[in-house]
Amino acid sequence: MLSIVPPLSLYVHFPWCVRKCPYCDFNSYTLKTELPESTYVDALLADLDSQAQEIGARPLISIFLGGGTPSLFSAGAIRKVLDRARLRFGFVDEIEVTLEANPGAIERGKFADFRDAGVNRVSLGAQTFDSRRLRALGRIHSPDETRRAAAELHAAGLENFNLDLMYALPEQDVQGALEDLEAALALSPAHISHYQLTLEPGTVFAGDPPQLPSDDDAAEMLDVCQQRLTAAGFDQYEISAYGKKYRQCRHNRNYWLFGDYVGIGAGAHGKLSYPGSWPIRTVQQREPRRYLALAPNAIACNEVPVEELPFEFMLNALRLMEGFDESVFVAHTGLIWDTIAPQMRDLEAEGLVVRTESLWKPSELGSRFLNDVLIRFLNRRSEASERTVRTAS
C-alpha cells in the first residue's frame, strides 16, 4: 500500500464540439443547440467542491482543460473553474494550465482573454495543413485559420503552445507528411504532438475505413519526421510528444509517471491515491445530460486491483523515452520492485528494455513493439487481460 501520495493534477472535460470528427473516439458530442455554459460550469464547480472535500488540501501541479472543444466556452467560464480549483486545492508555483482549442472556433482576441483567465499553455488541433485532407478528417478549420490562431497565440504572449499534427492520413505520402511538419514548424510552436491516424472502434472511420498508407510508408513518415524534429531542436520525450527545452507537457508527464489526477466533467476519468490504501480510479457519467442531472453525484469510484497495478503503471511509464526510476514504481504503486523484477530482467535479456543505473526504458526495438512489452505485465486472470493496448504509434 502507498506510504506517500504522488503529485496531483486536474483534468476538466468539456464534451461539445461544433462537429464530431469521423476519426474521434473521445467522449465528445456535436453541439446541436445553444451551449449550456452556465449550467455546465455550475455542475463542474459542484463536482470539484465534492471531490476536494474528499481529497483534502493537495496543491495542483497542472490543469488540463480538454474535450470536446473547451475553447467554445467563454474566458469568464474558464476563469470560474480555475478560481474554484485554486480555492479548493491551491496551486504550486508556476502551475501549468493547458486549454485545448480548435483553430476554427477562436474569435480574434479570445486567446488574450483566456490568458487573463489563467491559461498559460494552449494545445491547438492543427492535424494537417492540407485543405483536402482537413475536409476528409471532418475538421471545421482551414490551414489559414491555424496560422491565424498561432499568430494570435504569439500576440497574446502564449508562446508555450502545442500543435497536434497527424501523419499517415488518407492518400498521404512521405513528402506530404514532411510538408505538414514544415508548415507546423513555421509557426514556432514550443511543442508538437505528432501521432499516427488510427481507426478506432466505434468511429465513423472504423465503419467506413478510408484508404490509409501502408505500415511501411507510415514507418518511413515517422522516421523522416523524427529526424526533422530533432534537427529543429525538439526533444522526443514520449512516443508521440516533442518539446523545445523546458517545454515538455507537465500534465501528461504526471499521467505517464502514474501520478494522481482529479477528473471532473462528463466522462472524465481520475486516479487518486491515499496513504495506507491502494490507488482508486474514478469515472463520471459520460452522457452530458446525465452528468448535468447527477453532478456532483455522477462519479463512480473503484480501487485498482493490486494485480493490475504493474500493467497500469507500465502502460504509462514505458511511453517515456528517458524511462523511469525504480523508486517511482515503488512510490506510485505501493508495490515492491521485486513484483516486476523478473519480467524486467526477461525483457532486458530480449533487448526490449534497457537499464542505466536505476532507470528503465524501452529500447528502440521495444518502442516499436510496445504492445508486446506491455502484455508481459497483464494479469491474465483479470478483465484487464482482455483489453486492447493502445499506443500512439
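The values are calculated or read from the model by the stated rules, or taken from the named source; none is laboratory data. A quick note: this is a predicted structure, and the numbers were derived from the prediction, not measured. Backbone-built Cβ (ideal geometry, glycine too); neighbour counts: all protein chains shown.
A few points about this structure:
Residue by residue, here is whether (1) surrounded by 18 or more Cβ atoms within 10 Å (Cβ to Cβ); (2) within 22 Å of GLU182 (Cα to Cα); (3) among the small types (Gly, Ala, Ser) holds:
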position	(1), (2), (3)
GLU200	no, no, no
VAL204	no, no, no
SER214	no, no, yes
ALA219	no, yes, yes
GLN227	no, yes, no
THR230	no, yes, no
ARG247	yes, yes, no
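- Enumeration of residues in the stretch 150-160 that are crowded, with 17+ Cβ neighbours inside 10 Å, part of a helix (DSSP H, G or I) and either among the β-branched types (Val, Ile, Thr) or over 21 Å from the mean Cα position of the chain (by Cα) (or both): GLU152
- Counted as qualifying within the stretch 319-393 are the helices (runs of 4 or more DSSP H) with 1 or more residues that are in contact with a helix residue (DSSP H, G or I) (Cβ under 9 Å, 6 or more places away or on another chain) and at pLDDT below 90, namely 364-368.
- Counted residues, the stretch 5-26 - those being within 18 Å of ILE140 (Cα to Cα), part of a loop (DSSP other than H, G, I, E, B) and not aliphatic (A, V, I, L, M): 9
- The listed residue being surrounded by fewer than 21 Cβ atoms within 10 Å (Cβ to Cβ) and without any contact (Cβ under 8 Å) to a residue 60 or more places away in the chain, out of THR39, THR30: THR30
- Test: residue in the stretch 64-85 that is hydrophobic (A, V, I, L, M, F, W, C), assigned to a strand (DSSP E or B) and surrounded by 22 or more Cβ atoms within 10 Å (Cβ to Cβ): yes
- Options ASP130, ASP93: the member that is more than 20 Å from the chain's Cα centre (by Cα), surrounded by fewer than 20 Cβ atoms within 10 Å (Cβ to Cβ) and under 26 Å from ARG247 (Cα atoms): ASP93
- Scan of the stretch 96-127 for residues that are assigned to a helix (DSSP H, G or I), modelled with pLDDT of 95 or more and buried (at least 18 other Cβ atoms within 10 Å of the Cβ), ordered by number: PHE111, PHE114, ARG115, ALA117
- Within the span defined as the stretch 133-141, every residue fails to be out of contact with any His (no Cβ under 7 Å at 6 or more places or on another chain) and more than 27 Å from GLN196 (Cβ to Cβ).
- Residue list for the stretch 252-284, filter: farther than 19 Å from ALA57 by Cβ and either without any contact (Cβ under 8 Å) to a residue 12 or more places away in the chain or part of a loop (DSSP other than H, G, I, E, B) (or both): LEU257, PHE258, GLY265, ALA266, GLY267, ALA268, TRP278, PRO279
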